[in-house]
1. Consider residue 94 against the criteria (1) open to solvent by 20 Å² or more (accessible area, probe 1.4 Å); (2) more than 18 Å from residue 52 (Cβ to Cβ); (3) hydroxyl-bearing (Ser, Thr, Tyr): it satisfies all of them except one. Which criterion is unmet?
2. Can you confirm whether region 110-120 contains a residue that is of a type in the set (Gly, Ala, Ser) and within 27 Å of residue 78 (Cβ to Cβ)?
3. Note down all Cβ pairs under 8 Å where the first residue falls in region 165-183 and is more than 15 Å from residue 118 (Cα to Cα) and modelled with pLDDT of 90 or more, the second is of a type in the set (A, V, I, L, M, F, W, C) and assigned to a loop (DSSP other than H, G, I, E, B), and they're at least six residues apart or on different chains.
4. Could you tell me which residue of region 130-151 is surrounded by the most Cβ atoms within 10 Å (Cβ to Cβ), considering only residues that are modelled with pLDDT of 95 or more and outside any loop (DSSP other than H, G, I, E, B)?
5. Could you list, in sequence order, all residues of region 97-127 that are modelled with pLDDT under 95 and either open to solvent by 80 Å² or more (accessible area, probe 1.4 Å) or over 26 Å from residue 66 (Cβ atoms) (or both)?
6. Could you list all residues from region 23-40 that are among the small types (Gly, Ala, Ser) and in contact with a helix residue (DSSP H, G or I) (Cβ under 9 Å, 6 or more places away or on another chain)?
Amino acid sequence: MYHTTLLIGEMEMARFLTDYVDVDRFLPLCRQCSNYNKSWGCPPFDFSPMEFWMRFRRLRIFAVKMEVDPNIPGKVYSAKEKVHIYRQYLQLESDRLYRKLYRLEQETPGSMLLYPGNCHLCGSEACARSLGQPCRYPKKLRYSMEALGGDVSRIAEEILDCPLQWIDGEKLPEYLIQLGGLLYP
């Protein structure tokens, strides 16, 4: 149904913070999301996202571009079919990219990965935060660029030269992207 391409970009943190991070703009958007205050990988945090970013010197961005079979874009899908597509493909690729980034993080002392998409560490169980409990996987817990105020639309377009495309109603776009990264000390 699709094939993947790995896209990579890199930049110094000072430029990234100046050009691609706007916590004040994106935090209100996070509040509208169903994961807000229900996932340990999402806001609100007990730390300042800007202070978090400033602990690092540079960022390497990794994105998986999932190009959909050319016969599929524009086809109308039911809500149930879209959920199936998400679970089968987007979440699968997000988890694969997470594992790749986690390996790179383990090989690079002082680095920290940025989760592609939402945290999926709890699998099919509800995140412990939504149950008022501590994270089940605190050593593996990481955050996404979006959750920390990163403008992933601009990042994808300007750094990776691959503008984001969105599922339009019931129709799939030509490609979808899961974007993560690795922060270096």
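The values are calculated or read from the model by the stated rules, or taken from the named source; none is laboratory data. Computed from a predicted model, the values in this text were never measured in an experiment. Don't worry about glycine lacking a Cβ; one is built from the backbone with ideal geometry, like all the others, and counts go over all protein chains shown. Keep in mind that these areas ignore ligands, DNA and RNA; they rest on the heavy atoms of the full protein, side chains included. Shrake-Rupley method; radii C 1.70, N 1.55, O 1.52, S 1.80 Å.
1. Of everything listed in (1) open to solvent by 20 Å² or more (accessible area, probe 1.4 Å); (2) more than 18 Å from residue 52 (Cβ to Cβ); (3) hydroxyl-bearing (Ser, Thr, Tyr), residue 94 misses just condition (1).
2. First, the residues of region 110-120 that are of a type in the set (Gly, Ala, Ser): 110-111, 117.
Narrowing further to those that are within 27 Å of residue 78 (Cβ to Cβ): 117.
Within region 110-120, one or more residues are of a type in the set (Gly, Ala, Ser) and within 27 Å of residue 78 (Cβ to Cβ).
3. Listed by first residue and then by second, the contacts come to 183/56.
4. Among those residues, the one meeting the criterion is 150.
5. 99, 124, 125, 126
6. Within region 23-40, the first condition is being among the small types (Gly, Ala, Ser), and the residues that meet it are 34, 39.
Matches in region 23-40: 39 only.
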